[in-house]
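These notes are about the structure you will find just below.
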Amino acid sequence: MPQKERERWGSGKGFLLAALGSAVGLGNVWRFSYVAGENGGGAFLLVYLGMVFLVGVPLLLGELALGRSTQREGGGASEVLAPASHWTRVGLLGVVVASLILIYYAVIAGWVLKYLVLYLRNATPEFAVAGFAPAFHNFIAHPIEPLAWQLVVMALAMVIVARGVERGIEAISMLLMPALGLLLLALAIHSATLPGFQRGVAFLLLPDWAALTQPRIYLAALGQAFFSIGLAMGVMVTYGSYLTQSHRLPGAAVVIALGDTLFAVIAGLVIFPAVFSFGLDPAQGPALAFIVLPEVFSQMKGGAMVGTTFFLLLTIAALTSAVSLLEVPVAYAMHRFGWSRKRASVGLGSVIFMLGIPASLGFGPWAGLTAMGGRGILDAMDFVAVNILLPLNGLLIALFLGWIWRRRDALAACDLHESRLGRFWHFSVRYTVPLLVAVVLIRSVWWSAQ
Ligand code: PFF
């Protein structure tokens, strides 16, 4: 519907909160803490910060600028700047990756919601009887129950996206994001009172230099930075396309990237001290949030309250991110096929839900199905999306920003011009980002081929 007036954010603050809502998600809490745990804690954080500033911020700024200057969603911005070229497919790849991530993201968000409800119903003591690990594995192996929770998540996302940019996405972000900040703050204050606080802080903040020699840490950090900020998926292009010229993009990019990183670090400062206080191991993989933490909460004084707060926080974080992932294909279908927002949200949301069914069943009836070197369906999707498709699309976007878009136009679109900052940004997207991402991508493809 190109002729219809474009939807807009109601305010700059609304845009920032929505973008933060997209960035802050399961990735900051569930993913960041276990990836950091598996990759040496402090050393990982150091590499991660490097990736955020060298790769994340320049790309984020470029994506917002692409969206705002073309006034087109993720899948369409390249059609405006490089019509009838192969670059139009790059935009499309973003739409595909966003949809792919949402397929399994909603499965995990469903697990989170189930745990929140368990805590709200005060039902975790029963859970403890079975043992936390068997209880979790029984739940995700159930053929129906996880699907029901996944459906609830998708239905909520569909309703919010169907209500539109300002009345749906922005309104929910204005409501939930401040609450999210408060919940995290409350958990952080509580964490400082735990006996393992110092050990947790040391684990996250003191680098083990030897870990820096392992190449896998760089791959993990880059993939995590892309996922956590929400880059290379068209989300930031799409959100940028609802902006007018009155907003300054460089400041917004820094606020979003820094806010996202800060959230992950504080979440780490909540999780690691709790884990150490009860003598458990943080390098437990994805089960950290669903097995180790519930066990910690069950032993902690006031743990039921802390557990409820934690899963409420995770639910909010996951929901606002799922919304942004759904908005990418929805905005694309609205423009490309002229669908109404409602039709696109419900139609695509339902398809994405259905495609998620195998990812969920992969823990139960379809547990025998493996791909990518013995990974289950959900793991394989995550691996392909985060380690291959995201860096690949990020590389292509950087090449587009640095080599195809006219330098003067690109700088103006970023509100930078030929300033020192402008030259730095252009150098980044022209050389630093493509080089770093290419090296990591080649390693990653080489690994997965092994
Ligand atoms: N950034 C979100 C998180 O950290 O969980 C997930 C996400 C949202 C990924 C939006 C990608 C995206 F486009």
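All of the numbers you see were taken from the coordinates with simple rules; none came from a lab. For clarity, every value in this text was computed on a predicted model and none was experimentally measured. Methodologically, a virtual Cβ is constructed for each residue, glycine included, from the backbone with ideal geometry; neighbour enumeration extends over all protein chains shown.
Karplus-based coupling profile of segment 299-304, in residue order and whole Hz: 9, 7, 5, x, x, 4, with θ = phi - 60° in 6.51 cos²θ - 1.76 cosθ + 1.60 and x standing for Gly or Pro. Taken over segment 71-209, the alpha-carbon convex hull comes to 227 cubic angstrom per residue. Equivalent-ellipsoid semi-axes for the chain (Cα gyration tensor, √(5λ), whole Å, largest first): 34, 25, 21. In a reduced charge model with +1 at each Lys and Arg Cβ and -1 at each Asp and Glu Cβ, segment 247-377 shows a dipole moment near 540 debye about its Cα centre.
Along its principal axes, segment 220-261 has C-alpha extents of 36, 19, 11 angstrom, given from the largest down. What the phi angles of segment 182-196 give under the Karplus curve with 6.51, -1.76 and 1.60, with θ = phi - 60°, is a coupling list of 5, 4, 5, 4, 4, 5, 5, 5, 5, 4, 5, 8, 7, x, x Hz, glycine and proline written as x. Inter-part distance, segment 144-174 to segment 185-238, computed on C-alpha centroids, equals 27 Å. The angle between the Cα long axis of helix 215-229 and the main principal axis of the chain comes to about 70°, on a 0 to 90 degree scale.
Considering only 230, 131, 40, give the residue with the highest GNM mean-square fluctuation for the chain, with springs between Cα atoms whenever their separation is below 10 Å. Fluctuation is largest for 131. Per the Debye formula on identical point scatterers at the alpha carbon atoms of segment 243-292, with no solvent, log10 I(q)/I(0) at q = 0.14 Å⁻¹ is -0.53. Trypsin sites (Lys or Arg not before Pro) within segment 362-450: which are DSSP loop residues with at most 14 other Cβ atoms inside 10 Å? Those satisfying the criteria are 406. For residue 231, no residue has an amide H sitting under 5 Å from its own, ignoring neighbours fewer than 5 places away on the same chain, with H placed 1.01 Å from N.
Under the shape rule built on the C-alpha gyration tensor, where the axes satisfy a ≥ b ≥ c, segment 278-365 is prolate, since a/c reaches at least 1.5 and a/b is greater than b/c. Classification of segment 345-446 by its C-alpha gyration tensor yields an oblate form. The axis ratio a/c (a ≥ b ≥ c) is 1.5 or more, and b/c is at least a/b.
Annotation for segment 346-403 versus segment 408-427: alpha-carbon center distance of 34 Å.
Ellipticity at 222 nm from helices only: DSSP H runs of n ≥ 4 in the chain, each -39500 (n - 2.57), divided by the residue count, give -22000 deg cm²/dmol. So if the hydrodynamic radius of segment 158-273 is defined as the Kirkwood radius over C-alpha pairs, what does Stokes-Einstein give as its diffusion coefficient at 25 °C and 0.890 mPa s, in µm² per second? Estimated diffusion coefficient is 144 µm²/s.
Sequentially through segment 313-330, phi angles give Karplus couplings (6.51, -1.76, 1.60; θ = phi - 60°) of 4, 5, 5, 4, 4, 5, 5, 5, 6, 4, 4, 5, 5, 6, 4, 5, x, 5 Hz, Gly and Pro residues having no value and appearing as x. Please check: in the Gaussian network model of the chain (C-alpha springs, under 10 Å), which one of 226, 311, 136 has the largest mean-square fluctuation. Its mean-square fluctuation being the largest, the pick is 136.
Could you give the angle, 0 to 90 degrees to the nearest 10, between helix 390-399's Cα long axis and the longest principal axis of the Cα atoms of the chain? Result, in degrees: 20.
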